[in-house]
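Read-outs: derived from the displayed coordinates by stated rules, not from any lab. Predicted, not measured: the structure shown is a model, and the values here were computed from it. Heads up, the Cβs are rebuilt from the backbone with ideal geometry, glycines too, and the neighbour counts pull from every protein chain shown.
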Amino acid sequence: MILLQLFWTFLKIGIFTFGGGYSMVALIQNEVVEKHQWMTSCEFTDILAISQMTPGPMGINTATYAGYTAVVNSGLPVWEGVVGSLLASLAVIILPVIVMMIVYGYLSHHRDNPVVDMMFRILRITVVGLIAAAALLLLSEESFGVPGLNKQFIVSVVLFAAVFSLSYFKRTNPILLIVVSGIVGGIIYSF
C-alpha cells in the first residue's frame with residue numbers, strides 16, 4: 001500500500017512544482033514528514049544534504065532517497081525500498097516531462113505573445129517564493145542545532161555566514177564551498 005501512496009504523492013509533487021529542485025523541497029517535506037509521517041524532520045534534513053551533494057537534479061535525488069527511506073521506515077525489506085526509490089523518482093518526473101513536451105509545442109508557436117510573457121513573469125515570482133520557503137525550511141534545529149552558545153550552533157552559523165558571503169558576494173564556486181565546508185566541519189567535529 002505504501003508503494004502506491006508513494007507513487008501518488010510524488011506524482012502530485014512533480015506536477016505541481018515549478019522552478020526545479022529547491023522549489024520542491026517544501027512540498028516534499030510537507031508530504032513525507034508532516035502529512036504521511038514516513039520519516040522524521042532530521043531524516044529529511046539528512047536526505048536534503050545528500051541530495052545536494054550527489055550528482056543529478058536535486059528534486060529527483062530527494063525523491064529517490066525519500067522513497068527509499070519511507071519504504072524502509074515502514075518496515076519493508078531493503079529491496080522494496082529500492083522499488084520505492086524507483087517509483088518516487090519516476091512519479092516525480094513523468095507528468096512534468098509530458099507537460100513540458102506539450103507546452104514546448106505551444107510556446108514554440110506563441111513565444112511573442114504578451115499573455116505567455118506575463119505567465120512567465122508570474123511563474124518567476126512564484127519560483128522565488130518557493131525557493132525562499134525551502135531556505136526557511138532548512139533554518140531548523142536539525143540543520144543548525146539548538147540556538148545558544150554550543151559548539152554545533154556556533155559552527156553552523158559561522159559556516160552558513162561564510163558560505164553565504166563567499167557565494168553571494170564573491171561568486172565562489174559552489175563545489176569548492178561544499179568541499180571546504182565538509183573538510184572544515186570534519187576537522188572541527190573530530191575534536
For the chain, size of Cβ-based charge dipole, Lys and Arg +1, Asp and Glu -1, in debye: 480 debye
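When Rg is the radius of gyration of the Cα atoms in the stretch 1-65 and Rh is its Kirkwood radius, what does Rg/Rh come to?
Working: Rg = 11.0 Å, Rh = 11.8 Å.
Here the Rg-to-Rh quotient is 0.93.
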Comparing 63, 162, 88, which has the greatest mean-square fluctuation in the GNM of the chain with Cα pairs linked when under 10 Å apart? 162
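With a sphere of radius 13 Å drawn around the Cβ of residue 117, what net charge do the other residues whose Cβ falls strictly inside it have (Lys, Arg +1; Asp, Glu -1)?
Working: positive: 111, 121, 124; negative: 112.
Summing Lys and Arg as +1 and Asp and Glu as -1 gives +2.
Would you mind estimating how fast the chain diffuses translationally, via Stokes-Einstein at 10 °C and 1.306 mPa s with the Kirkwood radius over Cα pairs, in µm²/s? Each step should come with its number before you reach the end.
Working: Rh = 18.4 Å.
Answer, rounded: 86 µm²/s.
Only helices at least 27 Å long along their own axis, judged from Cα atoms, and with Kyte-Doolittle mean hydropathy of -1.0 or greater: name those in the chain from DSSP H.
Working: long enough: 78-110 (48 Å, 1.67); 114-138 (37 Å, 1.92).
For the chain, where a helix must reach 27 Å along its axis and average at least -1.0, the hits are 78-110, 114-138.
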Using Cβ counts within 10 Å as a stand-in for footprinting exposure, how do 46, 112, 117 rank, fewest first? 112, 117, 46
Gyration tensor (Cα) of the stretch 145-191, equivalent ellipsoid semi-axes in angstrom: 21, 14, 6
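What is the fewest-to-most order of 44, 7 by other Cβ atoms lying within 10 Å of their Cβ?
Final ranking by Cβ density, sparse to dense: 7, 44.
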Contact order normalised by length for the chain, with contacts defined as Cα pairs under 8 Å and 6 or more residues apart; what percent is it? 23 percent
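Which order results if 118, 24 are arranged by neighbouring Cβ count within 10 Å, fewest first? Before the final figure, lay out the partial values.
Numbers: 118 10, 24 26.
So the residues, fewest neighbours to most, are 118, 24.
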Please work out the C-alpha center-to-center distance from the stretch 135-177 to the stretch 1-76 and express it in whole Å. 23 Å
